[in-house]
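Here is the structure we will look at, set down as structure tokens.
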């Protein structure tokens, strides 16, 4: 069982389950948030919470919507597409020719 689980709630917050109290959360300046005794808490994802970074339920009031499902590996975007070698070589030849011809 994982020590910490983060669940993306449908059109809502990020729920952090921390049964062992191992999560340490800090702000941009390194100041720690007091999570003493909290085994679960929710983080704002919509940006409308008055208690950011924690969720206060504002996502319901503003009708926040966002994709909520993990991308499966077989449908993930290919981040290393194959480049058409012919187009690359043609461009390189054209640049070389332009340089030589001034």
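The values are calculated or read from the model by the stated rules, or taken from the named source; none is laboratory data. Here the structure is a predicted model, which means the values were calculated and not measured. Backbone-built Cβ (ideal geometry, glycine too); neighbour counts: all protein chains shown.
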Review point. (1) at pLDDT 95 or above; (2) more than 21 Å from the chain's Cα centre (by Cα): which one isn't true of residue 15, the others all being true?
Key: (2)
Practice item. May I ask you to list the residues in the stretch 60-92 that are under 18 Å from residue 6 (Cα atoms) and either surrounded by 10 or more Cβ atoms within 10 Å (Cβ to Cβ) or at pLDDT 90 or above (or both)? Key: 66, 68
Exercise for review: Name every residue in the stretch 28-62 that is free of Cβ contacts under 8 Å to residues at least 12 places away in the same chain and either within 16 Å of residue 11 (Cα to Cα) or outside any loop (DSSP other than H, G, I, E, B) (or both), in order of residue number.
Suggested key: 32, 47, 49, 57
Revision key, fill the gap. Those residues of the stretch 15-27 which are more than 21 Å from residue 57 (Cβ to Cβ) and not in a loop (DSSP other than H, G, I, E, B) amount to 26
Practice item. Please determine, by comparing only the residues of the stretch 2-14 that are free of Cβ contacts under 8 Å to residues at least 40 places away in the same chain and in a loop (DSSP other than H, G, I, E, B), which one is nearest to residue 65 (Cα to Cα). Key: 4
